[in-house]
Amino acid sequence: MHIRLKIWRQENSQVAGKMLDYELAEVDPDMSFLEMLDMLNEQLLGKGERTIEFDHDCREGICGQCGVMINGRAHGPLKNTTTCQLHMRSFGEREVIYIEPFRATAFPVRCDLKIDRSALDRVIQAGGFISVNTGQAPEANSIPVGHGVAEAAFDAAACIGCGACVAVCKNSSAALFTSAKITHLALLPQGEIEARERVQQMVDQMDAEGFGHCSNTEACEAECPQQISVLHIARMNWEYNKLQLLKK
Amino acid sequence: MLESKIPDGPLEDKWRYYKEHAKLVNPANRRKLEVIVVGTGLAGSSIAASLGEMGYRVKSFCFQDTPRRAHSVAAQGGVNACKNYKNDGDNIFRMFYDTIKGGDFRSREGNVYRLAECSASLIDQAVAQGVPFGREYGGYLNNRSFGGVQVSRTFYARGQTGQQLLLGAYQALMRQVHLGTVQLFARHEMLDLVTIDGKARGVIVRNLDTGNIERHGAHAVILATGGFGKIYYLSTLAMGCNGSAIWRAHKKGALIANPSWTQIHPTSLPQSGEYQSKLTLMSESLRNDGRIWVPKNKDEKRLPNQVPEEDRDYYLERRYPAFGNLSPRDIASRAAKERIDAGYGIGPLKNAVYLDFSRAIKEQGEPKIREKYGNLFRMYEKITGVDAYKEPMRISPAAHFSMGGLWVDYELMTTIPGLFALGEANFADHGANRLGANSLLQACVDGYFIAPYTLGNYLADEIKTPPIDTSQLAFESAAARVEGQLRALMSIGGKLSADHFHKTLGKILYDKCGLSRSREGLEQAISEIKALRQQFYEQLYIPGGMAINSELEKAGRVADYLELGELMCYDALTREESCGAHFRVEYQTPEGEARRNDQDFSFISAWEWAGKDNPPVLHKEPLKFEFVIPTVRSYK
């Protein structure tokens, strides 16, 4: 395949970035998207040029570190797929492919396609856990959890924290990410006890980080590589409203 | 020289006795003691969180953008624990025995028994953290069977057990960060260990955001940096996995044990082209229901579904009837290689075997298979474009897990006092072959249940040591050396990329220090690696500057791999037997099975760095078997 690329280049967060043009010949349709970028980098290096910085690690669709906007879509054209699991067979011969970093105020660009997503860690730090210390847990089967409940909790826990939900949201809201963790923990008997404090603290932190509000466009669910449902946002709102009512 | 510190007495009392006699640090003193933890996978996150909970001051480092990306995330199949929930005869001794036997009698009895003993508590801990394990309809935990074992002791969270366990540990870590007991340094890579008066006192790290070289001091340093299987380039590991932290510690005096024992995983996707950056792993759990076969006819032209039963060779079921498709990984990988080398491989490059679900789908129905392995089938389809519900998967062996690592004693302390190694970064529990679902277990157990005790035992003697001053000469010179190394790499100014050298090294190791080894091949590999290393320092090119620069990060890791790879070959060369992941073609039975030599090789090889251009020095820790008798490992 022969492809044309327009890629966001930005030396660091202090300077302005711009789209630059590249061309790549002899791309194998079985290559993953990131392997195509490897190939481009190998060619840039051969010409003595600075290579394109992008985040990636496991290349198995599970670590959540990769993720760029491809032709305006988070993780590219396929549904429920991370960038590392996208293959070049999804693109046409001589197609022009636009590649940009995930954009949000809370995700500053570090270099080229690399961004800073530590805001998501701080949302988890605010309450995205069960307060249990090591070495004092009761026997596991003393807390039965129905098969259906465990599966529903898993559906929410499957979030890989890639940030695509934020990047595709017109408000740059982290509601899907935050609500997925809230649902995961609130559904389980172990986590239900702290549910109220958790939702308050995590929502407050989300606001403090500069993520926008959710206005229910549901773009997040459409682009989520793990098919995390927007129903979790409804649960988060329900938990939050319940808390406000009970406060009074 | 090598003192394993395994407590005397009956196997079942060793760990209890140790815990009863370990020294303690009182809570007021813990606040004065600092500990550095490098790596935030299961071992790193769990120990950092545990120490934070206990009141120590912890600094946690990882090179990824957040701790949740650590490669523990990718483990799919499950985690072992002898809960005996299925009433199928499981108990601590049986799990201990399976693991010792699985490791081909090349691991320590005391360590392995402790691993089995602590396994049940890990499930309790993870469930309390909210890890959504698979459940029966009545609400109790479900489990399944894994390779090398005849009971059901593997707990799982769909195909994302590693991800979910890691999230549990990560969330525990985040809780401590919020409480201020743990300071988090993401995007920081450890580039040297600092020792003062022979003790580990800190690390030199590079801030990957700014390029700045930073010094951090502590009363103890813990390396939980995972394995180095990525040295083969094509492997199941994440791109960033590396051996640099343990290698730098090795060059500061920590011995490395059994470095040549890298597990080759039997159920990876085959290589399909030269551009490929990794081999994706399909979970071993698939072997519970999938049957492995190749055509009986070398020139089979029919599509797999059209090949009738009588023309298929279910070679694992044929050769190992008792364990069949659930044979341990080394056996299954070697059997696949044997068939592929004999010309029966399938696929365009004839480098794969079939993993067939048609019978399981017929017997259990597609929805059941979908529920058990749905995400794996989806992943397979994404990568290959093939629907494995309709035709068999193609799988092939790939480099996966390092059983070798820093030598540690029973306390998980290396030969450098105050330097501990946890999880895959140490060599301790797996012997010559790791059984499936023991990796997550070892990482977690080291971090949650073992190191919190053994570290306390060490730190109890450190309460009078004031905070470590990083302006000392040892820090000064280590930082200067690291900066010098980075500048030297940047200034080579050749034409070839770090990836080029990594790929070339990987090919040498796959061919000559991979699934099978020979004296001739290993000797060739050593001279080829020496030549490649020389070329690296003449021909490498790194574009860009000293700040954010992935090429510079890669080059540093490849420089270390070029030294570690040579040590792996030395290690494989000296071990004149076949055991576990180490198959020396000169030592096999007439049926092609591994021939172990307990008489001469029942020891752990611990290697000492003897300086650049000097051959490494071998130290031996003899293995004592008091409670089991090493037998010929048969899965027939």
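Summary table below
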{"item": "Single condition B:L562 does not satisfy, out of (1) surrounded by fewer than 23 Cβ atoms within 10 Å (Cβ to Cβ); (2) more than 29 Å from B:N351 (Cβ to Cβ)", "result": "(2)"}
{"item": "Enumeration of residues in region B:596-636 that are among the polar types (S, T, N, Q), in contact with a helix residue (DSSP H, G or I) (Cβ under 8 Å, 6 or more places away or on another chain) and assigned to a loop (DSSP other than H, G, I, E, B)", "result": "B:T631"}
{"item": "Odd one out for B:H216 among (1) more than 20 Å from B:I416 (Cβ to Cβ); (2) away from chain A (no Cβ under 12 Å)", "result": "(1)"}
{"item": "Set B:V628, B:V585: member being aliphatic (A, V, I, L, M) and more than 22 Å from B:D98 (Cβ to Cβ)", "result": "B:V585"}
{"item": "Criterion violated by A:E95 - all others in (1) surrounded by fewer than 23 Cβ atoms within 10 Å (Cβ to Cβ); (2) at the interface with chain B (Cβ under 7 Å from one of its Cβ atoms) satisfied", "result": "(2)"}
{"item": "Test set (1) surrounded by fewer than 20 Cβ atoms within 10 Å (Cβ to Cβ); (2) within 28 Å of B:T280 (Cβ to Cβ); (3) of a type in the set (G, A, S) - A:A74 fails condition number", "result": "(1)"}
{"item": "Residue among B:M546, B:M490, B:M568 that alone is in contact with a strand residue (DSSP E or B) (Cβ under 9 Å, 6 or more places away or on another chain) and either surrounded by 15 or more Cβ atoms within 10 Å (Cβ to Cβ) or under 30 Å from B:K620 (Cα atoms) (or both)", "result": "B:M568"}
{"item": "Restricting region A:61-71 to residues that are β-branched (V, I, T) and more than 8 Å from chain B (Cβ to nearest Cβ), the residue that is surrounded by the most Cβ atoms within 10 Å (Cβ to Cβ)", "result": "A:V68"}
{"item": "Flag for B:K230 being charged (D, E, K, R), within 12 Å of another protein chain (Cβ to nearest Cβ) and touching a strand residue (DSSP E or B) at 6+ places or on another chain (Cβ under 9 Å)", "result": "yes"}
{"item": "Qualifying residues in region B:219-238 (those that are buried (at least 24 other Cβ atoms within 10 Å of the Cβ) and aliphatic (A, V, I, L, M)) - the one nearest to B:E462 (Cα to Cα)", "result": "B:A220"}
{"item": "Residues of region B:112-156 classified as buried (at least 20 other Cβ atoms within 10 Å of the Cβ), within 9 Å of chain A (Cβ to nearest Cβ) and in a loop (DSSP other than H, G, I, E, B), total", "result": "5"}
{"item": "Selection status of B:I542, at pLDDT 95 or above, at negative phi and in contact with a helix residue (DSSP H, G or I) (Cβ under 7 Å, 6 or more places away or on another chain)", "result": "yes"}
{"item": "Residue ID - surrounded by the most Cβ atoms within 10 Å (Cβ to Cβ), chosen from residues in region A:12-51 that are under 23 Å from the mean Cα position of the chain (by Cα) and part of a loop (DSSP other than H, G, I, E, B)", "result": "A:M31"}
{"item": "Those residues of region A:136-160 which are more than 7 Å from every other protein chain (Cβ to nearest Cβ) and buried (at least 23 other Cβ atoms within 10 Å of the Cβ), in sequence order", "result": "A:A156, A:C159, A:I160"}
{"item": "Some residue of region B:161-170 being within 14 Å of chain A (Cβ to nearest Cβ), β-branched (V, I, T), within 21 Å of the chain's Cα centre (by Cα) and under 23 Å from A:T183 (Cβ atoms)", "result": "yes"}
{"item": "Qualifying positions in region B:185-204 - more than 13 Å from chain A (Cβ to nearest Cβ) and within 17 Å of B:R57 (Cβ to Cβ)", "result": "B:A200, B:R201, B:G202, B:V203"}
{"item": "Among residues of region B:81-98, those that are away from every other protein chain (no Cβ under 13 Å), under 24 Å from the mean Cα position of the chain (by Cα) and farther than 20 Å from B:F627 by Cβ, counted", "result": "0"}
{"item": "Total residues in region A:72-92, condition within 28 Å of A:G212 (Cα to Cα), within 14 Å of another protein chain (Cβ to nearest Cβ) and of a type outside the set (V, I, T)", "result": "7"}
{"item": "Matching residues, region A:99-135, being within 22 Å of B:Q171 (Cα to Cα), surrounded by fewer than 21 Cβ atoms within 10 Å (Cβ to Cβ) and more than 8 Å from chain B (Cβ to nearest Cβ)", "result": "A:R122"}
{"item": "Candidates A:E221, A:E197, filtered to the one that is among the acidic types (D, E), within 15 Å of the chain's Cα centre (by Cα) and over 20 Å from A:V145 (Cβ atoms)", "result": "A:E221"}
{"item": "Hits in region B:12-41 - residues which are of a type in the set (A, V, I, L, M) and either surrounded by 20 or more Cβ atoms within 10 Å (Cβ to Cβ) or on the phi > 0 side of the Ramachandran plot (or both)", "result": "B:V25, B:L33, B:V35, B:I36, B:V37, B:V38"}
{"item": "Which numbered condition B:L208 misses (of (1) modelled with pLDDT of 95 or more; (2) surrounded by 24 or more Cβ atoms within 10 Å (Cβ to Cβ))", "result": "(2)"}
{"item": "Check on B:I468, closer than 20 Å to B:R30 by Cβ and touching a residue at least 12 places away in the same chain (Cβ under 8 Å)", "result": "yes"}
{"item": "Qualifying residue in region B:471-482 (condition: touching a Phe, Trp or Tyr at 6+ places or on another chain (Cβ under 8 Å), within 26 Å of B:L562 (Cβ to Cβ) and β-branched (V, I, T))", "result": "no"}
{"item": "Meets criteria (crowded, with 18+ Cβ neighbours inside 10 Å, of a type outside the set (F, W, Y), without any contact (Cβ under 8 Å) to a residue 12 or more places away in the chain and part of a loop (DSSP other than H, G, I, E, B)) for B:G521", "result": "no"}
{"item": "Long-range neighbours under 6 Å by Cβ, at least six apart or interchain, first residue more than 7 Å from chain B (Cβ to nearest Cβ) within region A:46-60, second crowded, with 24+ Cβ neighbours inside 10 Å and part of a loop (DSSP other than H, G, I, E, B)", "result": "A:I52/A:D112; A:F54/A:L113"}
{"item": "Count of residues meeting criterion [within 20 Å of B:I47 (Cα to Cα) and either in a loop (DSSP other than H, G, I, E, B) or out of contact with any Pro (no Cβ under 8 Å at 6 or more places or on another chain) (or both)] in region B:206-221", "result": "5"}
{"item": "Selection from region B:352-377 of residues that are over 19 Å from B:S268 (Cα atoms) and in contact with a strand residue (DSSP E or B) (Cβ under 7 Å, 6 or more places away or on another chain)", "result": "B:R359"}
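The values are calculated or read from the model by the stated rules, or taken from the named source; none is laboratory data. All of these numbers come straight from a predicted model, not from anything done at the bench. Backbone-built Cβ (ideal geometry, glycine too); neighbour counts: all protein chains shown.
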